[in-house]
Amino acid sequence: MGLFSYRCAGCGSLTRTACTECAAKIAKCAPPHCSDALVALSYEGLARDVMLGFKYRNHRAVASLFVELLLARLRAVPDLGRIDVVTWVPTTRERRMARGHDQAETLARIIGRSLGVPVRKLLDRKSIGHQTGHSRAQRLSGVAFRGRSMSAPVTVLVVDDVVTTGATMRMAKQALTTAGAMRVVCIAV
């Protein structure tokens, strides 16, 4: 198939985009409830496998599948209101270098283009290290952010790849509110 193809993390078929068979199965999944963010999928089974390919095997082509699901989730929110700017929960520098991209940033940039809204880096990670492999208690206290000051009160859409305990989203929301955001909407795959 060529230079830019990869094996689908869900079924193993060779593809250049999100595997249509796996994408169709994932699209049928109902969004779970999460009190800290709008969430498109439960992080299990096929959805988890495809996300792992996106995160750890640089399968960026599936970002468009995830963005479609995130946009559908946003559209389903009654009275969402206007989003002024899109940002993301930044990963560590080490993770970005190892993976070749920050998956949350990749999603945020596509969402911003789709919504016709600017995408800005509004969060700086203050903590050192990452959350993967930590206990629930460690995750609940393991990350902190500093929000970049905003000149006017705006509604910010914060994008992340996955939500486990919700601590990261809560900390991101708090940092953005402290930095001057009028409203913060959190969303994750």
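The values are calculated or read from the model by the stated rules, or taken from the named source; none is laboratory data. The model shown is predicted, which means the values in this text are computed figures rather than measured ones. A quick note on method: Cβ atoms are made from the backbone with ideal geometry, for glycine too, and the neighbour counts reach across all protein chains shown. Remember, those area values only see protein heavy atoms, side chains included, never the ligands or the DNA or RNA. Shrake-Rupley method; radii C 1.70, N 1.55, O 1.52, S 1.80 Å.
Any chance you could check the Cα centroid distance between region 25-97 and region 142-180 for me, in angstrom?
16 Å
If you count only protein heavy atoms and use a 1.4 Å probe, how large is the accessible surface of Val163, to the nearest 10 Å²?
40 Å²
Candidates (1) 23, 18, 16; (2) 52, 23, 13; (3) 27, 19, 16; which is the computed semi-axes √(5λ) of the Cα gyration tensor in Å?
(3)
Could you pull out the GluC sites (Glu not before Pro) across region 24-101 that fall in loop regions by DSSP (anything but H, G, I, E, B) with no more than 13 other Cβ atoms inside 10 Å?
Here the GluC sites (Glu not before Pro) that fit, given the DSSP loop and packing criteria, are Glu44.
Taking only Cα atoms of region 70-129, what ratio of Rg to Rh do you get with Rh as the Kirkwood inverse-distance radius?
1.04
Taking the solvent-accessible surface of protein heavy atoms with a 1.4 Å probe, what is the per residue accessible area of the chain in Å²?
Counting only protein heavy atoms, the per-residue value for the chain is 52 Å².
What does the helix-only formula give at 222 nm for the chain: each DSSP H stretch with n ≥ 4 adding -39500 (n - 2.57), the total divided by the residues, and the result rounded to the nearest 500 deg cm²/dmol?
On the way: 7 runs with 71 residues, N = 189.
After summing the helix terms and dividing by residue count, I get -11000 deg cm²/dmol.
Quick test of your reading: applying the under-4.7 Å Cβ rule, which cysteines of the chain are isolated?
When partners are defined as cysteine Cβ atoms under 4.7 Å apart, the chain leaves Cys11, Cys29, Cys34, Cys186 without one.
Which translational diffusion coefficient, to the nearest whole µm²/s, is obtained for region 24-116 from the Stokes-Einstein equation, given a Kirkwood hydrodynamic radius over C-alpha pairs, 20 °C and 1.002 mPa s?
151 µm²/s
Computing the accessible area with a 1.4 Å probe over protein heavy atoms, can you report the carbon and sulfur percentage for the chain?
For the chain, the apolar C and S fraction of the accessible surface comes to 52 percent.
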